[in-house]
Amino acid sequence: MTTKAPALYIGHGAPPLLDDPIWSAELSNWSAQFEKPKAILIVSAHWESAPLSLSSTETGTPLIYDFGGFAPKFYNLQYRAPGAPDLAARIKGLMNEAVAEHRRGLDHGAYIPLMKMYPHADVPVLQMSIPTHDPEKLFEIGRKLAPLRDEGVLIIGSGFLTHGLPFLTEFRIEATPPKWSVEFDLWAKEVLERGAVDELMNYKKLAPGLPYAHPTVEHFAPIFITLGAATDAEVAPTMEVEGYWMGLSKRSFEVA
């Protein structure tokens with residue numbers, strides 16, 4: 001019997017996450033708490049494309065090094081997870097909209113956290129694009145994907161709960177989080193604990209610190225796919241990772 005896989009929203013970090021023993025251990029220990037999935041479907045903030053698109057299903061498609069200014073070693077990273085053509089076909093069957101495929105490798109929003117969660121790269125991985133920023137439409141996509149969880153597919157929305165990079169003044173992992181980052185993080189925590197998805201969808205009007213926490217919203221958008229994939233949209237998530245990284249909230253959670 002296949003165990004139902006979780007749905008997660010994670011902060012994916014930047015390449016230096018791999019050298020951070022605290023966050024690395026948090027991700028590793030978290031993934032060890034649930035059964036190894038049969039496949040992973042990940043929606044990263046770093047791929048915005050409409051219509052809804054799926055990455056290459058071929059094993060060994062080169063990674064995308066979509067970052068700059070880091071140590072040379074990060075541009076030689078490898079994560080050779082198996083492709084997932086069967087999962088791609090299954091997703092196309094679940095959607096009542098056009099689904100495109102691209103020969104596109106995983107971007108860092110996918111492989112950086114997966115290198116800590118599944119370091120052996122032995123689980124098939126498929127990446128899906130963000131086709132819109134509309135919370136209700138993303139939630140509906142998540143709802144259509146929910147049956148995959150019963151088939152052992154781990155669904156991950158990969159972003160960053162706060163992502164105001166232009167407004168950071170310290171670039172140290174242990175930097176003091178700015179007021180706007182703390183306020184947005186605590187607001188989201190409280191709303192999530194109440195399972196108030198409708199309030200979360202109205203974040204542009206209700207969330208404190210929004211213009212600074214998310215000057216662009218692609219790192220917040222994946223949260224709605226995760227919540228749509230929940231068994232019950234009104235469920236309060238179990239918080240698994242909290243705290244700040246370079247002043248940004250790395251809050252990550254699992255929904256039932």
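The values are calculated or read from the model by the stated rules, or taken from the named source; none is laboratory data. Because the structure is predicted, anything quoted here is derived from the model rather than measured. Neighbour counts run over all protein chains shown; Cβ positions are idealised from the backbone, glycine included.
Return yes when residue 108 is more than 23 Å from residue 3 (Cβ to Cβ) and either buried (at least 22 other Cβ atoms within 10 Å of the Cβ) or acidic (Asp, Glu) (or both) and no when it is not.
Numbers: more than 23 Å from residue 3 (Cβ to Cβ): yes; either buried (at least 22 other Cβ atoms within 10 Å of the Cβ) or acidic (Asp, Glu) (or both): yes.
When the stated conditions are applied, residue 108 passes them.
Inspect all residues belonging to the stretch 74-93 and state whether any of them is surrounded by fewer than 16 Cβ atoms within 10 Å (Cβ to Cβ), in a loop (DSSP other than H, G, I, E, B) and of a type in the set (Gly, Ala, Ser).
The answer is no; no qualifying residue exists.
Is at least one residue of the stretch 151-169 surrounded by fewer than 22 Cβ atoms within 10 Å (Cβ to Cβ), charged (D, E, K, R) and within 21 Å of residue 45 (Cβ to Cβ)?
Within the stretch 151-169, not a single residue is surrounded by fewer than 22 Cβ atoms within 10 Å (Cβ to Cβ), charged (D, E, K, R) and within 21 Å of residue 45 (Cβ to Cβ).
So if I check each of 65, 9, which one is in contact (Cβ under 8 Å) with a residue 24 or more places away in the chain, under 18 Å from the mean Cα position of the chain (by Cα) and farther than 19 Å from residue 228 by Cα? Full working, then the answer.
Details: 9 fails: farther than 19 Å from residue 228 by Cα.
The unique qualifying residue is 65.
Within the stretch 157-233, considering only helices (runs of 4 or more DSSP H) that don't extend past its boundaries, which have at least 1 residues that are touching a Gly at 6+ places or on another chain (Cβ under 6 Å)?
Numbers: elements: 179-193, 197-201, 203-206, 210-213, 222-228.
Those helices (runs of 4 or more DSSP H) span 179-193, 210-213, 222-228.
Pairs please, first residue from the stretch 198-219 and under 14 Å from residue 188 (Cβ atoms), second anywhere and charged (D, E, K, R) and surrounded by 16 or more Cβ atoms within 10 Å (Cβ to Cβ), Cβ atoms under 7 Å, 6+ apart in sequence or on different chains.
Hits for this filter: 206/199; 208/183; 209/183.
Do you know which of the residues in the stretch 127-147 that are within 13 Å of the chain's Cα centre (by Cα) and outside any helix (DSSP H, G or I) is surrounded by the fewest Cβ atoms within 10 Å (Cβ to Cβ)?
Selected residue: 129.
Kindly evaluate residue 10 against the criterion of being β-branched (Val, Ile, Thr), buried (at least 19 other Cβ atoms within 10 Å of the Cβ) and either in contact with a strand residue (DSSP E or B) (Cβ under 7 Å, 6 or more places away or on another chain) or assigned to a helix (DSSP H, G or I) (or both).
Values: β-branched (Val, Ile, Thr): yes; buried (at least 19 other Cβ atoms within 10 Å of the Cβ): yes; either in contact with a strand residue (DSSP E or B) (Cβ under 7 Å, 6 or more places away or on another chain) or assigned to a helix (DSSP H, G or I) (or both): yes.
Judged against the criteria, residue 10 is a match.
Output the residues belonging to the stretch 68-79 that are modelled with pLDDT of 95 or more and either aromatic (Phe, Trp, Tyr) or under 29 Å from residue 91 (Cα atoms) (or both).
Scanning the stretch 68-79 gives 74, 75, 77, 78, 79.
Mind listing just one residue for me: the one in the stretch 153-173 that is out of contact with any strand residue (DSSP E or B) (no Cβ under 7 Å at 6 or more places or on another chain) and not β-branched (Val, Ile, Thr) and, of those, nearest to residue 222 (Cα to Cα)? Walk me through it before giving the result.
Looking only at the stretch 153-173, we keep the residues that are out of contact with any strand residue (DSSP E or B) (no Cβ under 7 Å at 6 or more places or on another chain), and these are 164-172.
If we keep only those that are not β-branched (Val, Ile, Thr) as well, we get 164-168, 170-172.
Values: 164: 16, 165: 18, 166: 21, 167: 22, 168: 23, 170: 26, 171: 25, 172: 26 Å.
Ranking the candidates gives 164 first.
The conditions are (1) of a type in the set (Val, Ile, Thr); (2) buried (at least 18 other Cβ atoms within 10 Å of the Cβ); (3) in a loop (DSSP other than H, G, I, E, B), and residue 59 fails exactly one of them. Which is it?
(2)
For the stretch 234-256, which residues satisfy the criterion of being in a strand (DSSP E or B) and of a type outside the set (D, E, K, R)?
Going residue by residue through the stretch 234-256, those that are in a strand (DSSP E or B) are 238-241, 244-245, 248-249, 252-255.
Across the stretch 234-256, the qualifying residues are 238, 239, 241, 244, 245, 248, 249, 252, 253, 255.
Among the residues of the stretch 186-197, write down those that are touching a residue at least 60 places away in the same chain (Cβ under 8 Å) and surrounded by fewer than 20 Cβ atoms within 10 Å (Cβ to Cβ).
Let us first name the residues in the stretch 186-197 that are touching a residue at least 60 places away in the same chain (Cβ under 8 Å), namely 188-189, 192.
Scanning the stretch 186-197 gives a single hit, 189.
Looking at (1) modelled with pLDDT of 95 or more; (2) surrounded by fewer than 16 Cβ atoms within 10 Å (Cβ to Cβ); (3) more than 20 Å from the chain's Cα centre (by Cα); (4) of a type in the set (Asp, Glu), which one does residue 183 not meet, given that it meets all the others?
Exception for residue 183: condition (2).
Are there any pairs, at least 6 apart or on different chains, whose C-beta atoms fall under 6 Å, with the first in the stretch 112-125 and under 18 Å from residue 64 (Cα atoms) and the second in a helix (DSSP H, G or I) and of a type in the set (Gly, Ala, Ser), and if so, which?
116/24; 116/28
Output the residues belonging to the stretch 28-54 that are closer than 19 Å to residue 256 by Cβ, not hydrophobic (A, V, I, L, M, F, W, C) and not in a loop (DSSP other than H, G, I, E, B).
Listed by number, the list holds a single entry, 31.
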